[in-house]
1. Working only within region B:106-130, note down all residues that are closer than 20 Å to B:Ile191 by Cα and of a type outside the set (Gly, Ala, Ser).
2. Of all the strands (runs of 3 or more DSSP E) wholly in region A:1-85, which have at least 3 residues that are under 12 Å from the mean Cα position of the chain (by Cα)?
3. Give just the number: which of (1) buried (at least 18 other Cβ atoms within 10 Å of the Cβ); (2) over 23 Å from B:Thr216 (Cα atoms); (3) among the β-branched types (Val, Ile, Thr) does A:Val32 not satisfy?
4. Show the residue pairs that are 6+ apart or on different chains and have beta-carbon atoms under 7 Å apart, the first residue being within region A:40-58 and more than 14 Å from A:Val25 (Cβ to Cβ) and more than 10 Å from chain B (Cβ to nearest Cβ), the second being surrounded by fewer than 17 Cβ atoms within 10 Å (Cβ to Cβ) and of a type in the set (D, E, K, R).
5. Filter region B:33-54 down to the residues that are charged (D, E, K, R) and either more than 14 Å from chain A (Cβ to nearest Cβ) or in contact with a Leu (Cβ under 9 Å, 6 or more places away or on another chain) (or both), then identify the one that is nearest to B:Leu238 (Cα to Cα).
6. Where the second residue is surrounded by fewer than 18 Cβ atoms within 10 Å (Cβ to Cβ) and the first is under 16 Å from A:Ile49 (Cβ atoms) and lies in region B:36-59, which pairs have Cβ atoms under 6 Å and are six or more apart or on separate chains?
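Every number in this text was worked out from the coordinates using simple rules, so none of it is lab data. Being a predicted model, the structure only gives us computed values, none of them experimental. Cβ atoms come from the backbone with ideal geometry, glycine included; neighbour counts cover every protein chain shown.
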Amino acid sequence: MVIAKTVDGEIGIMPQHAPVLGVLVEGGVLKVKREGQDDLVAAVHGGFISVADDEVSVLAEVAELGSEVDVAAARDALDRAQASIEANQEDADAAIEAKRARARLRAAGEEV
Amino acid sequence: MGAQLRLLRRRISSVKSTAKITRAQELIASSRIVKAQMRMQAALPYEREITRAVTGVVSNAASVDHPLTVAKENPAKAGVLIVTSDSGFCGGFNANVLREAEALRGLLEGRGLSVVPFVTGRKGVTWHSFRQREMGGQWVGFSRNPAYADAKEIANTLIDSFKDDNGIDEIHIVSTEFVSMLTQNVVVRRILPLEVEETEATESTTIPPYFEFEPTAGDVLETLLPRYVESRIFTALLQSAASEEAARRRAMKSATDNANELMRMLTQQMNQARQAEITQEISEIVGGANALADAAAGKE
């Protein structure tokens, strides 16, 4: 089962799902539940999910597997982004940066 | 005679050092082709999926009107993205691309459009600035190793200009397609507005599935199309990078072969000159000795 977050909300895809094309949110976490194995978790920033013919493809601009996330760097990026949001409420870049950092941390299994 | 010998020796040594350089360039290019090909392969799945998604949306939702899919009624300006290389030493690679771009320019101007060139690669930029042609955009420094961010930057410039009412109304791309190590073709494609290709359905092509959209077809298209353009440009850049190295390898190989041939010919000439010199010296010595002997015989 694949769980992803589109702009409409979370979507869970089981086998035999109807064809769907969805827009993913910035800073989402994608989860692939596998039988007999650990879940595959990835931080996905923007892009699409397309389901067709029992095949799920995720097209992301930037993606990172949870196991490959550098936790310290992500936490550092989050702190920095939050600091600049506090300094300037309308800092859109920092808001996106914070979202991305949070997604990376969540993908790595950290509490945010 | 002695002067000619020295001249030939000097020419041989200069040809030899040129051959060394071109041989090294050839080897470097061969190793780079493999890397460039691998990058091309790595980009394929994304390109394939995104094309499939675009096909899915467009064939499902024919009613969706998007500025990027609709041809403008009275096109006035056409943008042409020309993909060339940063460095030379690659034979006719850039000349071929630029010739094709000129042909396209003539074609578009025949339709009453004014042409705005967008150029990547130092060679193409120099070519245009030398002719004092105004460019809509120019990018240099990544022809051998293009990154996705480069393609994104180019795509953003093109799309912004396309959406602008006074900007360009069509986008064409002239680049080199990598077919194999020996074959690279210059291709001209229109990327915007999207061309609906009527391909004949073969047995292997399945009917695109009927997609549901999250949230709506229009929103999906809005985000999907710029990505599609980026991906097309990125593919063109990667193919061009691989083609550039292949063209360079071929040009350097023939340069090395020519240098070797020249060296063989010059060595032959040099040996001939040396032999002639020796023969002349011997006949001078013999002649001198004979004269001395004759003189001595006359005294007695």
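1. B:Leu107, B:Leu108, B:Glu109, B:Arg111, B:Leu113, B:Val115, B:Val116, B:Pro117, B:Phe118, B:Val119, B:Thr120, listed by residue number.
2. Details: elements: A:2-6, A:9-13, A:20-23, A:28-32, A:40-45, A:48-52, A:55-59, A:62-65.
Of the strands (runs of 3 or more DSSP E) lying wholly inside region A:1-85, those with at least 3 residues that are under 12 Å from the mean Cα position of the chain (by Cα) span A:2-6, A:28-32, A:40-45, A:62-65.
3. Exception for A:Val32: condition (1).
4. A:Leu40/A:Arg34
5. Narrowing region B:33-54 to residues charged (D, E, K, R): B:35, B:39, B:47-49, B:52.
Next cut, either more than 14 Å from chain A (Cβ to nearest Cβ) or in contact with a Leu (Cβ under 9 Å, 6 or more places away or on another chain) (or both) only: B:35, B:39, B:49.
Values: B:Lys35: 11, B:Arg39: 7, B:Glu49: 17 Å.
In this case the residue turns out to be B:Arg39.
6. That search, which allows pairs on different chains as well, returns B:Glu49/A:Ser57; B:Gly56/B:Pro208.
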